[in-house]
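Asker: Could you have a look at this structure, given as structure tokens, before my questions?
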Amino acid sequence: MAWLLTLPGMAQPSDLQTRWGLELEKDFRKGFDLSLSYQARVGNNAQAFQGSYFSLSTGYKINKWLRAQAEIRYATSPVWDKFRTGAGLVARKNFHKNQLEIRLLYQYEWYYQSIPELGQNPSKNILRLRLQYTRKLVKNLKAFVGIEPRWMVKEQLGYVQRVRNSLGLEWGFLKHHSLQVVYFYQPEFNSSYTWNNTLHVINLNYLVSIPKLKKKQKAEPEKDKGKEGKKSKEKGN
């Protein structure tokens, strides 16, 4: 674990990034769900636009505590266009006002402008493992903290590329509407496990859960009522 630490006197390059997102969620019958999201990223100390990210994901509730998920993402910037697909499992355990979550996720990412022969934007195989703890503070407000190392294989070389440490709040200010504010402290490493950058991220998300449509009770047809009336008269006769 020595690569997680730095000496106080050793200054590391760092960057501040802001992320702004909107996510629509919909639960379906038989344990399926679907979400569509957009995110804009601004980096270089929150001064330069870095890209737009469009994601579509689906999930299936296997049992009370285990869920499977799959995703596809398209990202574009003035410099590149890239795609990412992924699949994984999420295990959750609730106890009183607390929730413990473990997520294992495999992802494959490739660039539209990739030229692997020249070492330009090679494809990546990614494995992510996230541990997150959530605590309900008051009604409609909860806090969470998490850690997620990301193992990356690029050009047949595998290494831990980053460790994301997160701290956030989620506030349900309206029914089916919530606001999420998250801070990421993310040290990043190269293939020799040298700490080469630290990314600070402020992430603001607006979440909308699309409610289920209520079924309307069908009114009894007038014709049927008339038939029933005739039957009752016949019985009386």
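The values are calculated or read from the model by the stated rules, or taken from the named source; none is laboratory data. Model, not experiment: these values are computed from the prediction. Using ideal geometry, Cβ is built from the backbone for each residue, glycine included, and neighbour counts are taken over all protein chains shown. Areas reflect the complete protein model, heavy atoms only, side chains present, ligands, DNA and RNA absent. Shrake-Rupley method; radii C 1.70, N 1.55, O 1.52, S 1.80 Å.
Asker: Could you check the stretch 108-141 and list, in sequence order, the residues that are outside any loop (DSSP other than H, G, I, E, B), of a type outside the set (A, V, I, L, M) and either open to solvent by 40 Å² or more (accessible area, probe 1.4 Å) or at pLDDT below 95 (or both)?
Answerer: Tyr108, Trp110, Tyr111, Pro116, Glu117, Gln120, Lys124, Asn125, Arg130, Tyr133, Arg135, Lys136
Asker: Taking Leu157, is it surrounded by 15 or more Cβ atoms within 10 Å (Cβ to Cβ), of a type in the set (A, V, I, L, M, F, W, C) and over 15 Å from the mean Cα position of the chain (by Cα)?
Answerer: No, not satisfied.
Asker: With the requirement that a residue be surrounded by 15 or more Cβ atoms within 10 Å (Cβ to Cβ) and more than 13 Å from the chain's Cα centre (by Cα), what does the stretch 84-95 give you?
Answerer: Arg84, Arg92
Asker: Find all pairs meeting these conditions: Cβ atoms under 7 angstrom apart; at least six residues apart or on different chains; first residue within the stretch 8-21 and modelled with pLDDT under 95; second residue among the β-branched types (Val, Ile, Thr) and not in a strand (DSSP E or B).
Answerer: Gln12/Thr6
Asker: Closer than 22 Å to Leu141 by Cβ, open to solvent by less than 80 Å² (accessible area, probe 1.4 Å) and at pLDDT 95 or above: is that true of Val163 in this structure?
Answerer: no
Asker: If Phe144 meets every condition in (1) surrounded by 13 or more Cβ atoms within 10 Å (Cβ to Cβ); (2) free of Cβ contacts under 8 Å to residues at least 24 places away in the same chain apart from one, which number is that one?
Answerer: The number of the failed condition is (2).
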